[in-house]
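The block underneath contains the structure these notes are about, expressed in C-alpha cells.
A short reminder: the numbers here are calculations on the coordinates, not readings from a lab. The model shown is predicted, which means the values in this text are computed figures rather than measured ones. Because the Cβ atoms are built from the backbone with ideal geometry, glycine has one as well, and the counts that use them run over all protein chains shown.
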Amino acid sequence: MYYLDNEKSIIKKFQMVNPKSVYFLMENEESAKVFESIHDQENWKQWIESAGKSDPPPDFFADTYKYMMDVMRVDDHS
C-alpha cells in the first residue's frame, strides 16, 4: 500500500509542514482555527477517525470544534 493511500498518513504528513510555509487564500480567524485544530498535535486529539472503506463521509470529525473533514489525495499523473 502506498503511504498516502491512508487518510491518517496524509494528516501526519500535513502536520509536519512548517506553518510558516502555509499560505491562506483568505486570511481570517476561522481558517487559522481549522488549520490549528488539525496541525497541532494536542488539538488533533479531539478528532475522531471514521474513515473505513465502507464508511460514509466524513473521514474525520471533531465535535469539540464542530468540524467534519473528508481527506483525499489528488493524482495528477493518471
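At-a-glance table
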quantity: Residues of type aspartates and glutamates that K53 reaches as a straight line, Cα spacing below 17 Å, ignoring anything fewer than 8 places off in the same chain; calculated: D5, E7, D70
quantity: Where N is the number of residues in region 34-78, Cα Rg divided by 2.2 N^0.38 Å; calculated: 1.30
quantity: Proximal charge balance of K8 [Cβ under 14 Å; K/R count +1, D/E count -1]; calculated: -1
quantity: Along principal axes, Cα extents of the chain, largest first, whole Å; calculated: 35, 31, 21
quantity: Cβ crowding within 10 Å averaged over residues, with 6-12, 18-24, 54-60 ranked highest first; calculated: 6-12, 54-60, 18-24
quantity: Spacing of the two label points (7 Å from each Cα toward its C-beta) at Q46 and M68, in nm; calculated: 1.8 nm
quantity: Ordering of 70-78, 39-47 by packing [mean C-beta count within 10 Å, highest first]; calculated: 39-47, 70-78
